[in-house]
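A short worksheet on the structure shown next.
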2 protein chains.
Amino acid sequence: MASQQDLFDTLAQVARALGNGHRLALLERLAQSSAAVETLATATDLSIGNASQHLQQLRRAGLVTASRLGKQMIYRLTDERIVNLLGLLRQVAETNLAEMERLVSQLFAEDDASGALEAVSSRELLASLERGKVALLDVRPEDEYRAGHLPEAINIPLEQLEAMLDSLPRDKEIVAYCRGPYCALSHEAVQRLRQLGYRVRRFEEGYPEWKAAGLPVM
Amino acid sequence: MASQQDLFDTLAQVARALGNGHRLALLERLAQSSAAVETLATATDLSIGNASQHLQQLRRAGLVTASRLGKQMIYRLTDERIVNLLGLLRQVAETNLAEMERLVSQLFAEDDASGALEAVSSRELLASLERGKVALLDVRPEDEYRAGHLPEAINIPLEQLEAMLDSLPRDKEIVAYCRGPYCALSHEAVQRLRQLGYRVRRFEEGYPEWKAAGLPVM
DNA sequence: CCAATATTCTATTGATCCATTGAATTAACT
DNA sequence: AGTTAATTCAATGGATCAATAGAATATTGG
């Protein structure tokens, strides 16, 4: 007979799968798009073997699935709600763990120093987009952009930022976004564009959160 | 300088705190009401020392806080959203982990065998309550009931069920609830009341979920 | 101040987890 | 078939975790 404790134990297995920074990084990458082991390994700075092992733990916990495509093994999230789950975990951690706040403010320190304005919220961004007031800039790598992006967003991967400035409108404010609230790409982009004189702010979330909230994507 | 990985590592610490069945049981109990270590230990079948250790891990992860009240140490959840977090974890696990489904269906097996109807959803319950169609029965221990309960709910702790049948209306359908979807109390109550000829169903969630959803409590 | 109670701290043991390495599998290409 | 590339499997040592028991610390009431 199943007891309540058995259920908690099983639930705990899932939580334990989330209990490793590398696995959280893998999940963030997977939230952008499904990907092969090698892609995931380089995105997260893990050896292929190590990445594979972590992915299998995530699979055992029911958080990702794998399917073979030729030589490659393609992993994907099993469930859109995993993005919500991670977002909620983040919120709880940020409000209740001093250490978390400290790290976040460190990550934002450069922005503040350079006088960057506050990040743009989902609601604000949605309103601005509807009124055509802002241009959206996706600074993620091209493959992630192609797998899905915010409506009307221009893609300039961060490495090519200076080379592709022509694509950016000069007359509108620009909102840059990337993988999520902890992704460094859009921070970096905002800094560099500000120095070039652009009016630019950061979207406080990322593509996966936008999509998981049920907002329109392309 | 803080890196993204530091943030994931810190986030992982919080997830790891959720990665133990006993700690999840402690959190479920804490979701009912704040409580002293001894209360929590007996509710979860842990030794006091062991419970204390787990509680301190939860505290380090920012999930609970403690304050002294005389000789006792009272623990409470730091954040209402932890209930949502656990609920979402549960949903993800139930949809994507076969083992989970198996255990849940085992827990529900008795109900099905005894011909009990499906559990009542929040939405359905809210509608029924507004129309005065059902009577609510809270089968949790009295102290949890006193710390908060659904509006108009009658409290009959499970042990006193047969002794206090007078409090139950005979003309309405009864909806029994307890601590949450995995709590055995309301299952047991439904079974016993059905054998006595009552029309009774189970609320599929519990008091904490109802409260965390922002629905009215007393 | 002393005794009783509630809880936490410390130390220990066994279990589990993590990263790394190299061998083994699987599928595509020639 | 044999070679190569992508991934998984298996085994290792070091680190962290869980449970238990007993000592230590606060708090209340005499």
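The values are calculated or read from the model by the stated rules, or taken from the named source; none is laboratory data. Since the structure is predicted, the reported quantities are computational estimates derived from the model, not experimental observations. Cβ placement follows ideal geometry from the backbone for every residue including glycine, while neighbour counts extend to all protein chains displayed. Protein only, heavy atoms only, side chains kept; ligands, DNA and RNA dropped before computing areas. Shrake-Rupley method; radii C 1.70, N 1.55, O 1.52, S 1.80 Å.
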Output the relative contact order of chain A, whole-number percent, from Cα pairs under 8 angstrom with separation of 6+ residues.
18 percent
Which whole-angstrom value gives the distance between the alpha carbon centres of the range B:71-109 and the range B:21-63?
15 Å
Whole-angstrom gap from the range A:155-205 to the range B:142-157, using each part's C-alpha centre
54 Å
Among B:GLY62, B:GLY49, B:LEU30, which residue has its Cα positioned farthest towards the positive end of the charge dipole of the range B:23-69, with +1 placed on the Cβ of Lys and Arg, -1 on the Cβ of Asp and Glu, and the dipole taken about the Cα centre?
B:GLY62
Just the number please: accessible area per residue for chain B, 1.4 Å probe, all protein chains included, in Å².
46 Å²
Describe numerically, in nm with one decimal, the distance between label points set 7 Å from Cα along Cα→Cβ at A:LYS172 and at A:ARG192.
2.1 nm
Which percent, to the nearest 5, of DSSP beta bridges fully inside the protein assembly as shown are antiparallel?
40 percent
Estimated 222 nm signal from helices in the protein assembly as shown, with DSSP H stretches of n ≥ 4 weighted -39500 (n - 2.57), rounded to 500:
-15500 deg cm²/dmol
Accessible area buried, both sides summed, chains A and B with 1.4 Å probe, Å²:
4600 Å²
The aspartates and glutamates whose Cα lies under 12 Å from the Cα of B:LYS211, excluding any fewer than 8 residues away in the same chain, are B:GLU80
In angstroms, what radius of gyration and Dmax does chain A have, counting Cα atoms only?
18.6, 67
Setting aside same-chain residues fewer than 8 positions from B:LYS71, which aspartates and glutamates have a Cα under 13 Å from its Cα?
B:GLU38
Determine, at each q value in 0.12, 0.26 (inverse angstroms), the log₁₀ of I(q)/I(0) that the Debye formula gives when each Cα of the range A:32-120 is one equal point scatterer.
-0.56, -1.20
Rg and Dmax of the protein assembly as shown, Cα atoms only, in Å:
24.8, 80
Measuring from the longest principal axis of the C-alpha atoms of chain B, the long axis of helix B:48-60 (C-alpha) lies at a number of degrees, nearest 10, equal to 70 degrees
Accessible area, probe 1.4 Å, largest first, for residues A:LYS211, A:LYS133:
A:LYS133, A:LYS211
When each pair of different Cα atoms in the range B:89-185 is counted once in the 1/r mean, what is the Kirkwood radius in angstroms, to one decimal?
15.1 Å
Whole-percent carbon and sulfur contribution to the accessible surface of the range A:125-218 (1.4 Å, no ligands, DNA or RNA) stands at 47 percent
Using the Cα centre of the protein assembly as shown as the reference point, and only Cβ charges (+1 on K/R, -1 on D/E), how large is the resulting charge dipole? Debye, rounded to the nearest 20.
100 debye
Charges at C-beta only: +1 for Lys and Arg, -1 for Asp and Glu. How large is the resulting dipole of chain B about its Cα centre, in Debye rounded to 20?
500 debye
Hydrodynamic radius by Kirkwood for the range A:47-97, inverse mean 1/r across distinct Cα pairs, in Å, is 12.5 Å
If you fit an axis through the alpha-carbon atoms of helix B:81-96 and take the longest principal axis of the Cα set of chain B, what angle between them do you get, 0 to 90°, nearest 10?
80 degrees
